[in-house]
Amino acid sequence: MAKDSLRDEEKLVVIGGSAGSLPVIMFILQHLKPTLRIPVVVVLHRKSDSDSSLSTLMAHRAKLVVKEADDKDPIIPGMIYLAPPDYHLLVERDKHFSLDDSEKINYSRPSIDVTFESAAEAYGKGTVGILLSGANADGVDGLQVIQEHGGIIAVQDPSSAQVPYMPQAAVNQLKVERILGIQDIPGFIDSL
Amino acid sequence: MDNAIGEQEMALLLSDLLELYGYDFTDYAKASLKRRLNRLFTLDRFPSFAELRYQVRNDAEYARRCVEQITVNVTEMFRDPAFYHALRTEVLPVLATYPFIRIWHAGCSTGEEVYSMAILLKEANLLHKSLLYATDINTQVLQKAATGIFPLSQMKQYSENYIASGGKEDFSSYYTASYNSAKFDEELSRRMVFSTHNLVSESSFNQFQLIMCRNVLIYFEKELQGRVFALFDESLEKLGYLAVGSKETIKFSPIANRYRQESKEKIWRKIH
């Protein structure tokens, strides 16, 4: 993809995944270049009482710094942020996070749609949404909003997904620009 | 798919709520607030933003509904059991040394946390000398809280939370089940005082040894968070405790240097 005129601090990568996405996330984190200058936000469906060991595990794999997002954390390029369990993670227009413990969306908190939609409103065409393996349709509406704001949307190739339902739903309902094999996702992000 | 309520529409509604009804949402975190407004718009099936705005401006009853719906009233009993465990083992033994205990639940919503606290106090044999002040911006949730009636379907989860928090009793001994609801013992609610209070616009009304305000500050912008922390500081006795939600912190607030976090949990103690 050709670099456009956006500066890196005006871009944001948001990745959503559910059942079967954890190994893919780990692969992506392991292979992202340490020189990446774009913030990456990861929203994974997980149990509400899970502790912070997931971010520790992710930090262990990644060459970039991984942090479970706290309320009002500024969004810093080159950081990987993980949505905390039992909260929705929202992106504010002045480029920081806020948390929300309102009702579950698509049976999920954090909901991928909530993060994707607020990211699109904050980062507009600088938003890149990637939807991975999963068993429900959370994230599809969010991808659509990203697309409406001029951002780029991509999904994990459903044929490579442990649970293809989520990326397949996106492919069925939207015009997805990029359908990526697992191997290709880190390179895609690095090239943004 | 595009939201009916964007930045401009939200600004109009917020200024209506402030000018006509005195509710100040202008320093609430915007991304969440906008979602809540769009949710209300869909929920109440307005054909256009103009009609929602007309209704808010001309119908005080509906304006109240609007406030109730855009504030988040999701809560549960013994949420984050490790936090309640810390209250049991680290905070209550200190509070026990006072002749009289005053606790403020700020933004208590439907009251699940207040009843959880009353159970802790009862088990520590402190309930008889405690008063729990429970406040919220919404009248309706306070009325619900005062009844002490919660959905029976939640009790399994609450019972698990209770046990994980170090509870040793049979959780079902605290309520009477009938049909789909669980009514908690009046022995618990007898020590509670419910009252409306708006953290954004109202001032301190008493002195407390413990203030609980969990998952309320996340809805505020940073500057407003600072003002609310100052209000808590004013309302807290020296050596009192301030407890916030698991992803909230007083660390970067203007009052941070007078407080020390003595627990692994999000509980700070006023040391100056």
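Quick notes on this one:
- Residue in region B:188-203 that is out of contact with any Ser or Thr (no Cβ under 8 Å at 6 or more places or on another chain), open to solvent by less than 10 Å² (accessible area, probe 1.4 Å) and closer than 24 Å to residue B:133 by Cβ present: yes
- Among the residues making up region B:203-247, those that are outside any helix (DSSP H, G or I), modelled with pLDDT of 95 or more and of a type in the set (D, E, K, R) are B:214, B:221, B:237, B:238.
- Scanning region A:133-141 for any residue that is more than 25 Å from residue A:23 (Cβ to Cβ), out of contact with any Cys (no Cβ under 7 Å at 6 or more places or on another chain) and buried (at least 19 other Cβ atoms within 10 Å of the Cβ) turns up at least one such residue.
- Single residue of B:114, B:141 found to be under 19 Å from residue B:219 (Cα atoms), in contact with a helix residue (DSSP H, G or I) (Cβ under 9 Å, 6 or more places away or on another chain) and crowded, with 16+ Cβ neighbours inside 10 Å: B:141
- Residue among A:36, A:57 that is away from every other protein chain (no Cβ under 14 Å), open to solvent by 70 Å² or more (accessible area, probe 1.4 Å) and aliphatic (A, V, I, L, M): A:57
- Region A:96-123: number of residues that are touching a residue at least 40 places away in the same chain (Cβ under 8 Å) and either within 8 Å of chain B (Cβ to nearest Cβ) or surrounded by fewer than 24 Cβ atoms within 10 Å (Cβ to Cβ) (or both): 3
- Among the criteria (1) open to solvent by 20 Å² or more (accessible area, probe 1.4 Å); (2) under 27 Å from residue B:97 (Cβ atoms), the one residue B:162 does not fulfil is (1).
- Residue identified as over 11 Å from the mean Cα position of the chain (by Cα) and either at pLDDT 95 or above or away from chain B (no Cβ under 11 Å) (or both) among A:126, A:139: A:126
- Those residues of region A:157-186 which are touching a residue at least 40 places away in the same chain (Cβ under 8 Å), of a type outside the set (S, T, N, Q), over 22 Å from residue A:141 (Cβ atoms) and out of contact with any Lys or Arg (no Cβ under 9 Å at 6 or more places or on another chain), in sequence order: A:182
- Evaluation of residue B:170 against (1) open to solvent by 30 Å² or more (accessible area, probe 1.4 Å); (2) within 30 Å of residue A:91 (Cβ to Cβ); (3) free of Cβ contacts under 8 Å to residues at least 60 places away in the same chain (one fails), failing number: (2)
- Residues of region B:144-158 classified as out of contact with any helix residue (DSSP H, G or I) (no Cβ under 8 Å at 6 or more places or on another chain) and either in a strand (DSSP E or B) or among the charged types (D, E, K, R) (or both), total: 4
- Among residues of region B:1-59, those that are more than 14 Å from chain A (Cβ to nearest Cβ), in contact with a strand residue (DSSP E or B) (Cβ under 9 Å, 6 or more places away or on another chain) and either under 20 Å from residue A:88 (Cβ atoms) or at pLDDT below 95 (or both), counted: 0
- Residue list for region B:59-93, restricted to those being part of a loop (DSSP other than H, G, I, E, B), open to solvent by 20 Å² or more (accessible area, probe 1.4 Å) and among the aliphatic types (A, V, I, L, M): B:72, B:74
- Test: residue in region A:63-76 that is within 17 Å of residue A:115 (Cα to Cα), away from chain B (no Cβ under 14 Å), surrounded by 22 or more Cβ atoms within 10 Å (Cβ to Cβ) and within 17 Å of the chain's Cα centre (by Cα): no
- Qualifying residue in region B:237-250 (condition: within 14 Å of another protein chain (Cβ to nearest Cβ) and without any contact (Cβ under 8 Å) to a residue 24 or more places away in the chain): yes
- Conditions (1) among the aliphatic types (A, V, I, L, M); (2) open to solvent by less than 10 Å² (accessible area, probe 1.4 Å); (3) within 14 Å of chain B (Cβ to nearest Cβ); number of the one not met by residue A:155: (3)
- Subset of region B:144-153 (residues that are open to solvent by 70 Å² or more (accessible area, probe 1.4 Å) and more than 27 Å from residue B:64 (Cα to Cα)): B:153
The values are calculated or read from the model by the stated rules, or taken from the named source; none is laboratory data. Everything quoted here is computed from the prediction, not taken from an experiment. With ideal geometry, Cβ positions are generated from the backbone for all residues, glycine too; neighbour counts draw on all protein chains shown. Calculation scope for accessible area: heavy atoms of the full protein, side chains included, ligands and nucleic acids excluded. Shrake-Rupley method; radii C 1.70, N 1.55, O 1.52, S 1.80 Å.
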